[in-house]
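Take a look at the structure set out below.
Read the figures in this text as sums done on the coordinates, not as results from a lab. Bear in mind that the values here come from a model prediction, so they are computed numbers and not experimental data. Cβ atoms come from the backbone with ideal geometry, glycine included; neighbour counts cover every protein chain shown.
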Amino acid sequence: MRKPNDSPAKERRKEPRYAADLPVSFAVHEIHGIRDGFLGDLSRRGARVKSSIRVELGREAAFFIHAPHDPTPIIIDMARVRWMTPHEFGLEFVIVTRAQEKERLNRLILSLARSSVVEKR
């Protein structure tokens, strides 16, 4: 049964999402500069980002996850904003070009899997 504040997007999720509190940065296409935020949760297909920066629905961005004990961020070449609230937005990972970045993302998710599952994606 759906709770009143559950979104249809939550019901469509196919991958588990894991709680995360890691710094991220992102560069929104057609807007200059790098912006900062924090991960709220993460899956292989996307992330929830907490940020004071408002990002419009449908915008695309390069996304950088600053994993613990790793001096180089994990690069998501293109992510698309799928939902937004005043202080959070949801990203769908559209393009991760390099196999090395996919593997680093998978390793991070496996380490987060040791903590509790937030929701099904």
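So the values come out like this:
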item: Packing rank of 67-73, 26-32, 89-95, where each peptide gets the mean count of other beta carbons within 10 Å, highest leading; result: 89-95, 26-32, 67-73
item: Length added when fully stretched, Ala19-Arg98, from 0.36 nm per residue minus Cα-Cα; result: 26.0 nm
item: Inter-label distance, nm, simple model (7 Å from Cα along the C-beta direction), Ser111/His87; result: 2.7 nm
item: HN-Hα J in Hz across region 108-113 - Karplus 6.51, -1.76, 1.60, θ = phi - 60°, x for Gly and Pro; result: 5, 4, 4, 5, 6, 5
